[in-house]
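The values are calculated or read from the model by the stated rules, or taken from the named source; none is laboratory data. The shown structure was predicted, so the numbers you read here are calculated from the model rather than taken from an experiment. Positions of Cβ are generated from backbone atoms using ideal geometry, with glycine treated the same way; all protein chains shown enter the neighbour counts.
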Amino acid sequence: MFVDSLSEISARYTTILCDIWGVVHNGVRPFPQAVAALTEARRSGLTVVLVTNAPRPRSAVEGQLAGLGVSRESWDRIVTSGDVTRDLIQSGPRRVFHLGPDRDLEIYDELNVELVEEFEANAVVCTGLFDDETEAPEDYAGQLKRIRSRNLPFVCANPDIVAERGHKMVWCAGALARDYSQLGGRTLIAGKPFKPIYDLAMREAADVRGEPTTVAEALAIGDGMLTDVKGAADYGLDYIYISGGIHAREYGDGDAPDRQLLTQYLSDHGRQPVATMHRLR
């Protein structure tokens, strides 16, 4: 079912679990209609929890949203892959090699771990590529083979394979986790599409509402087929598929999708969203 507005179906639910990157903003600018839709949903009594695969704690994402001009009135709580990944880090080996940019180092704040060089580590925590503007996963082939030769656990803080930054696709930590897994390495992931991040999002919603939130009451919104859509479906949530996100070029013009191609695309992936929108509004 194609809908033009979130309000067409939101009255069935008490809670919205909404992706951020690709739905609320593109890493460079916010999508004003999406922000307005979430703000209006909150005003009508719904609880909005933003659920993102960002590999940083929620405080960092709050700062990013403020910097982009996303209204604080559009959400109640934020849950990040970084939040749930901290539990994996805390329960693992103490000596950790950080694979990713320095901007993600907040993920270790107040954790009992020691950041060391690759050859000293007993585990790897990957938050992304060191430079996602110029590098690609193949640049890490040799390093991943070295890590695999020592059979180190590989904690992935951002399961996304790619993300759209402005009009450019950039590689994410999920691409390196995928390649490490293909080498036979053990990967540990808690963000979307896996259960821990949804458990936390539902607890946050219940805390806001002051009462338990059931799966039947929650509506997920997202654009990533392998993360947002798969995660929502596996958790038993109804979901809206945002077709204008990272898969937009799969069904014609990214700004004007061919509905027949889009319907076939969803069918090919075995997905049945309760609604499809080009952009959240």
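GLY245 - would you say it is of a type outside the set (Asp, Glu), under 14 Å from the mean Cα position of the chain (by Cα) and either in a strand (DSSP E or B) or modelled with pLDDT under 95 (or both)? Spelling it out, GLY245 is indeed of a type outside the set (Asp, Glu), under 14 Å from the mean Cα position of the chain (by Cα) and either in a strand (DSSP E or B) or modelled with pLDDT under 95 (or both). Step by step: first the residues of the range 33-48, then only those that are farther than 15 Å from LEU219 by Cβ and surrounded by 15 or more Cβ atoms within 10 Å (Cβ to Cβ), then the one that is nearest to the chain's Cα centre (by Cα). Which residue is that? That would be VAL35.
When you look at GLY185, is it in contact with a Phe, Trp or Tyr (Cβ under 6 Å, 6 or more places away or on another chain), modelled with pLDDT of 95 or more and more than 30 Å from CYS18 (Cβ to Cβ), yes or no? Against the criterion (in contact with a Phe, Trp or Tyr (Cβ under 6 Å, 6 or more places away or on another chain), modelled with pLDDT of 95 or more and more than 30 Å from CYS18 (Cβ to Cβ)), GLY185 qualifies.
Remark: pairs (first residue in the range 135-158, in the same structural domain as CYS172 (by TED's automatic domain parsing); second residue surrounded by fewer than 12 Cβ atoms within 10 Å (Cβ to Cβ); Cβ separation under 7 Å; 6+ apart in sequence or on different chains) = ARG148/GLY184.
Each residue in the range 140-199 was checked for being part of a loop (DSSP other than H, G, I, E, B) and of a type in the set (A, V, I, L, M), and 5 of them qualify. Quick check on the range 89-98. Is at least one of its residues surrounded by fewer than 18 Cβ atoms within 10 Å (Cβ to Cβ), among the polar types (S, T, N, Q) and not assigned by TED's automatic domain parsing to the domain that holds ALA220? Yes, the range 89-98 has at least one match.
Yes/no per residue for (1) of a type in the set (Asp, Glu); (2) in the same structural domain as CYS172 (by TED's automatic domain parsing); (3) touching a strand residue (DSSP E or B) at 6+ places or on another chain (Cβ under 9 Å):
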| position | (1), (2), (3) |
| --- | --- |
| LEU200 | no, no, yes |
| GLU204 | yes, no, yes |
| GLY222 | no, no, yes |
| THR227 | no, no, no |
| ARG259 | no, no, yes |
| ASP268 | yes, no, no |
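The set of residues from the range 138-152 being within 24 Å of the chain's Cα centre (by Cα) and surrounded by fewer than 18 Cβ atoms within 10 Å (Cβ to Cβ) comprises GLU138, ASP139.
The set of residues from the range 171-186 being under 19 Å from the mean Cα position of the chain (by Cα) and either in the same structural domain as ASP228 (by TED's automatic domain parsing) or among the aliphatic types (A, V, I, L, M) (or both) comprises ALA173, ALA175, LEU176, ALA177. In the set GLY224, GLY245, only one residue is crowded, with 23+ Cβ neighbours inside 10 Å and touching a His at 6+ places or on another chain (Cβ under 9 Å); that residue is GLY224. Per the conditions (1) crowded, with 19+ Cβ neighbours inside 10 Å; (2) modelled with pLDDT under 95, the sole criterion not satisfied by ILE240 is (2). Once the range 60-88 is narrowed to residues that are among the small types (Gly, Ala, Ser) and buried (at least 22 other Cβ atoms within 10 Å of the Cβ), the residue that is farthest from the chain's Cα centre (by Cα) is GLY82.
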